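Novice: Mind having a look at this structure? Questions to follow.
The values are calculated or read from the model by the stated rules, or taken from the named source; none is laboratory data. Keep in mind that what you see is a predicted model, and the values were worked out from it rather than measured. Note that we place each Cβ from the backbone using ideal geometry, even for glycine, and neighbour counts take in every protein chain shown. Keep in mind that these areas ignore ligands, DNA and RNA; they rest on the heavy atoms of the full protein, side chains included. Shrake-Rupley method; radii C 1.70, N 1.55, O 1.52, S 1.80 Å.
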Amino acid sequence: MGVATAACLALLPFGAVGALFSPLVFDHEGNIFNPLAWIAFLMMILFWIVCLIGPFGAWVLFKRDQEQLAWAAMAAPLAWLTVLVAILQFIPG
């Protein structure tokens with residue numbers, strides 16, 4: 001759990017930079033009306049929050065002897081990042 005927490009916290013600065021550059025998904029003409037661009041925008045902004053909340057929730061669940069849910073919570077940032085990368089593939093520009 002400690003190594004996974006360190007990995008999540010190491011992704012935190014990348015999430016902050018991604019949040020700064022998230023408005024760039026609207027640079028291509030017509031993306032302002034693209035629902036996938038809006039979803040990617042929101043996911044990029046919220047990624048650093050998931051990197052904080054995931055390990056916190058995982059440790060709370062781990063202390064309450066719910067190890068399976070704890071590992072699921074710890075995997076939330078990785079799953080979030082995977083979905084974000086998949087969505088960004090379909091945004092033109």
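Novice: Of all chymotrypsin sites (Phe, Trp or Tyr not before Pro) in the chain, which ones are in loop regions per DSSP and have a Cβ with at most 11 other Cβ atoms within 10 Å?
Specialist: Sites meeting the loop and neighbour criteria: F90.
Novice: Can you give the relative contact order of the range 1-88 as a percent, counting alpha carbon pairs under 8 Å and 6+ residues apart? Don't skip to the answer; put the middle values down first.
Specialist: Values: 83 pairs, mean separation 28.1, N = 88.
Here the relative contact order equals 32 percent.
Novice: Using DSSP H assignments, which helices in the chain have an axial alpha-carbon span of 20 Å or above and a mean Kyte-Doolittle hydropathy of -0.5 or higher? Display every interim value, and only then the final one.
Specialist: Values: long enough: 2-21 (29 Å, 1.95); 35-63 (39 Å, 1.99).
TM-like helix candidates: 2-21, 35-63.
Novice: Would you mind working out the accessible area per residue for the chain, using a 1.4 Å probe, and quoting it in Å²? Please report the intermediate quantities before stating the final value.
Specialist: Values: 6010 Å² over 93 residues.
Ligands and nucleic acids excluded, the result is 65 Å² per residue.
Novice: Of the accessible area of the chain, with the probe set at 1.4 angstrom, what percent is carbon plus sulfur? Could you put the intermediate results ahead of the total?
Specialist: Details: 4590 of 6010 Å².
Heavy-atom surface of the chain belonging to carbon and sulfur, 1.4 Å probe: 76 percent.
Novice: Using only helices, what value at 222 nm comes out for the chain when you add -39,500 (n - 2.57) per DSSP H run of length 4 or more and divide by the total residues, to the nearest 500 deg cm²/dmol? Write out the running numbers ahead of the final one.
Specialist: On the way: 4 runs with 70 residues, N = 93.
Roughly -25500 deg cm²/dmol at 222 nm, from the helical runs in the chain.
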